[in-house]
Amino acid sequence: MNAASSNLGIWWYNPSQGEWTNIGGKVDAKKKTVTATFKGFGYYVVKSLRYSYSDAISHKTARNDIELMLARGYMKASKTDAFGIYDPMTRGEFATIIVKLLDIELDYDTDKSKLTFDDIYQENVINSMLWDYRYIETAARKGIIRGIAPRSFAPNMELTREEAASIIARAMNLKLGEVDKDKAALQKQFEDVGKIKSNYSYPAILAVTKAGIITGVANSLKEGEKKPTYNFNPDAVLNRADMATIVKRMMSKLKLL
């Protein structure tokens, strides 16, 4: 079971909707158990991921992480025949992933005039996109995400490393320090701290990097240097393979592996 544990997930059949949903679950390879939150009456089965995607299989570092995301239902393919390893992660998809990962009970309204944002509503939420307004609204109500303007979330906007760090810090309730002290600490680690756009991001970035969830990027060694320097690349956009690895690190910290 140890070898197969990362490819397992629990699926729930909801009789009222007549559909199967991947609800993820936690696999304990030592105890040989798979557990998940009870979603309601219906059928529950443990399924194993049998088929992957060629672009995931060919990825040098993230294949196992991507297949874990597929097995647990945190992410799905962005194309009919490919996972979309180099497609950008969007704000909407990441908000959806976070709510699934933390197993937060959905908290939303079907009246779109009562939603936090005006740009997230979808008429058909079943398999319509990589993000789901119900999860975005839930994340907003829990204080995990914030808009980019009044009543605007921009769910299709690409997610930067700086934004991801802030969302992760809030979602995982990481301990945050003071802006000035954390900025000084970051300046000792990264060469490009000046590119960080928001002061409130300093504590979040420091907390997330200390936790090993998002790591720095080594610069090429310059002549005479013995040790590499690092950038955080706060404005760089995360691709979907990157995010699979980041979410797996979050799972490890949350003891979901």
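Applying the set (1) more than 27 Å from ASN233 (Cβ to Cβ); (2) part of a helix (DSSP H, G or I) to ILE136 leaves exactly one unmet item: (1).
Quick grid of which residues meet (1) among the aliphatic types (A, V, I, L, M); (2) surrounded by fewer than 17 Cβ atoms within 10 Å (Cβ to Cβ):
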| position | (1), (2) |
| --- | --- |
| THR229 | no, yes |
| ARG240 | no, no |
| MET243 | yes, no |
| VAL247 | yes, no |
| LEU256 | yes, no |
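Just to be sure before I move on: is ILE66 β-branched (Val, Ile, Thr), assigned to a helix (DSSP H, G or I), more than 20 Å from ARG134 (Cα to Cα) and under 22 Å from the mean Cα position of the chain (by Cα) in the structure I sent? Taking the combined requirement at face value, the residue satisfies it.
With respect to ASP55, determine if the residue is part of a helix (DSSP H, G or I), over 18 Å from ARG249 (Cβ atoms) and of a type in the set (Asp, Glu).
Values: part of a helix (DSSP H, G or I): yes; over 18 Å from ARG249 (Cβ atoms): yes; of a type in the set (Asp, Glu): yes.
Taking the combined requirement at face value, the residue satisfies it.
Among the residues of region 177-195, just one is in contact with a Leu (Cβ under 8 Å, 6 or more places away or on another chain) and in a loop (DSSP other than H, G, I, E, B), namely GLY177.
Loosely packed, with under 14 Cβ neighbours inside 10 Å, over 30 Å from TYR202 (Cα atoms) and not aromatic (Phe, Trp, Tyr) - does that describe any residue in region 80-96? Yes, region 80-96 contains a residue that is loosely packed, with under 14 Cβ neighbours inside 10 Å, over 30 Å from TYR202 (Cα atoms) and not aromatic (Phe, Trp, Tyr). On the stretch given as region 97-146, residues that are within 17 Å of the chain's Cα centre (by Cα), crowded, with 18+ Cβ neighbours inside 10 Å and free of Cβ contacts under 8 Å to residues at least 60 places away in the same chain total 14.
This table checks each residue for (1) more than 27 Å from SER252 (Cα to Cα); (2) of a type in the set (Gly, Ala, Ser).
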| position | (1), (2) |
| --- | --- |
| ARG141 | no, no |
| ILE145 | no, no |
| ALA154 | yes, yes |
| GLU162 | no, no |
| ALA171 | no, yes |
| LYS175 | no, no |
| TYR200 | no, no |
| LEU221 | yes, no |
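Within region 63-78, is there a residue that is closer than 23 Å to MET157 by Cα, free of Cβ contacts under 8 Å to residues at least 40 places away in the same chain and either crowded, with 16+ Cβ neighbours inside 10 Å or touching a Lys or Arg at 6+ places or on another chain (Cβ under 6 Å) (or both)? Yes, the conditions are met somewhere in region 63-78. Within region 165-196, the set of residues being within 21 Å of the chain's Cα centre (by Cα) and of a type outside the set (A, V, I, L, M) comprises SER166, ARG170, ASN173, LYS175.
A short reminder: the numbers here are calculations on the coordinates, not readings from a lab. Keep in mind that what you see is a predicted model, and the values were worked out from it rather than measured. Virtual Cβ from ideal backbone geometry, glycine too; neighbours counted across all protein chains shown.
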